[in-house]
Amino acid sequence: MTDEHRDPESKKAYQSPKLSVISLRPEEAVLGHCKNASTAGPVSTSCTMVGPCMVVGS
Amino acid sequence: MIAQAQQKRTTAPPAGMHRAWIRIADVSIGLHASCGEDLRLTSEMSAFRIGEAKCDIEISIAWTERLKRPIANKLFDSGAVWTMYERDHGYIIDFETPVFGLRPYKRLCVDRSFSEARLLLSRECLGELDLVHALEYPLDELLVTNWLAQGKGVEVHGCGLVDGATGGHLFVGHSGAGKSTTTMLWKSMRGAQILSDDRMILREQQNEVWMHGTPWHGEAGFAAAGKIPIDRIFVLAHGSRNEIIPLSRSQAVGELFARSFPPFHGHRPLDSTLAYLHQIVNSVPCYLFPFLPDDSAVETILNFSGQESS
């Protein structure tokens, strides 16, 4: 197809690439931590739970 | 890429073993042990128990006197209770807690496809406990998410609910974004069935995206073994008003990835998870949903659903 046969209105306007910032939460994405009153992060050394956790990294 | 039909395993355990089966997000898991008590399930997991089935994953459970840290290539340290090592033909996932000192209290030895596993419980650490749930979190969730990360699905941090009139709704969000609030609003206003208030699994089935409930609930405590197709995904955020903002596919993949649980120990499972999220957003539009924590949030979604279907 030659240029004179292309419809100029069908061309999309150029949009330059955009960078977006995505907030990552590694302490949530890595399984194994629990949420309690003092932390939402990984199980701390003070955790003495071995039985079932009621709140799984919520 | 459409998910392939699952190849069910047919490996049978030795005669005389006790057996149990569970199914999470259409992933069938067979357990066997020489003692029936070792197959004890938590109350949440009991809702996912099924009858005898051909399984995608088989786990044998046994006791050993003591476990020592393995001499193996460490792949990933979660910073929580589990650490992953590489071994011949598979992986070792050790579980430790300072309660028992610097030795594993249980160990999962699994093949590279996460289809066959041997779970060893340390008698030195756990032998005196009255109640031991061998599959106790996070082992169960680790096994399933790693199996899914072979192009078979993805687990997301989100709440999934079924409204009688408008069908399935999935709201994904970080901790504190409002998942439990959302489930309570829909439960009280619409009597919605809540599949989970914290963890949902997405899988493609017959060219549709289905969301599945899981046993791993949040503060609101909802966990149900149900599933339903979805036709949109909302990303929760705190807002000064209710808004529904379309996300581009690339934005949607990024936002879903940030709210998913991909295995981080290697590039293959990460690549697979990203590819799967691409498939999902190609099928299902995603929207950012800043919302007010009151009934108006539910009305906003219902009005949006009504506009889309009209």
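No value in this document is a laboratory result; all are computed from the given coordinates. Not measured: the values here are computed from a predicted model. Methodologically, a virtual Cβ is constructed for each residue, glycine included, from the backbone with ideal geometry; neighbour enumeration extends over all protein chains shown.
Points to keep in mind about this one:
- Database remark: amide H of B:Gly266 closer than 5 angstrom to no amide H (H placed geometrically; neighbours at sequence offset of 5 or more, or on other chains; Pro and chain starts carry no H).
- Which of B:Leu256, B:Leu170 has the fewest Cβ neighbours within 10 Å, and the rest in rising order: B:Leu170, B:Leu256
- Those residues of segment B:58-86 whose amide nitrogen sits under 14 Å from the label point placed on B:Arg112, 7 Å along Cα→Cβ: B:86
- From helices alone, chain B scores -7000 deg cm²/dmol at 222 nm; the rule is -39500 (n - 2.57) for each run of n ≥ 4 DSSP H residues, then divide by the residue total.
- B:Ser248/A:Arg25 FRET efficiency (R0 30 Å; Cβ-Cβ; nearest 0.05): 0.85
- Gyration tensor (alpha-carbon) shape descriptor, segment B:18-148, a/c threshold 1.5: oblate
- Cubic angstrom per residue, convex hull over Cα atoms of segment B:92-231: 135
- Selected from B:Pro70, B:Leu292, B:Leu277, residue furthest toward positive end of dipole (the protein assembly as shown; charges at beta carbon): B:Pro70
- Spin-label pair B:Asp130-B:Asp271: with each label point 7 Å from Cα along the Cα-Cβ axis, the two points sit 5.1 nm from one another.
- Residues whose amide H lies under 5 Å from that of B:Ala134, counting only those 5 or more places away or on a different chain, are B:Arg40; hydrogens are built 1.01 Å from N in the peptide plane.
- Taking every Cα-Cα distance in the protein assembly as shown and sorting them into 10 Å bins from zero, the calculated P(r) comes out as 5, 23, 32, 23, 11, 4, 1, 1, 0 percent.
- The Rg/Rh ratio for chain B is 0.99, where Rg is the radius of gyration of the alpha carbons and Rh is the Kirkwood radius.
- Rounded if a/c under 1.5, otherwise prolate or oblate - segment B:234-290, Cα gyration tensor axes: oblate
- Across peptide B:133-144, the mean count of Cβ atoms from other chains lying within 10 Å of each residue's own Cβ comes to 3.
- Under the Karplus curve 6.51 cos²θ - 1.76 cosθ + 1.60, θ = phi - 60°, whole-Hz ³J(HN,Hα) for segment B:68-77, x wherever Gly or Pro sits: 10, 4, x, 9, 7, 6, 6, 8, 7, 10
- Residue among B:Gly178, B:Tyr91, B:Pro138 farthest towards the positive dipole end of chain B, charges placed on Cβ: B:Tyr91
- Charge tally for B:Arg103 (other residues, Cβ to Cβ under 11 Å; Lys, Arg +1; Asp, Glu -1): +2.
- The amide H of B:Val81, built 1.01 Å from its N in the peptide plane, has A:Val43 as neighbours under 5 Å, considering only residues 5 or more places off or on other chains.
- Kirkwood hydrodynamic radius over Cα pairs of segment B:154-309, then Stokes diffusion coefficient at 37 °C and 0.692 mPa s, in µm²/s: 214
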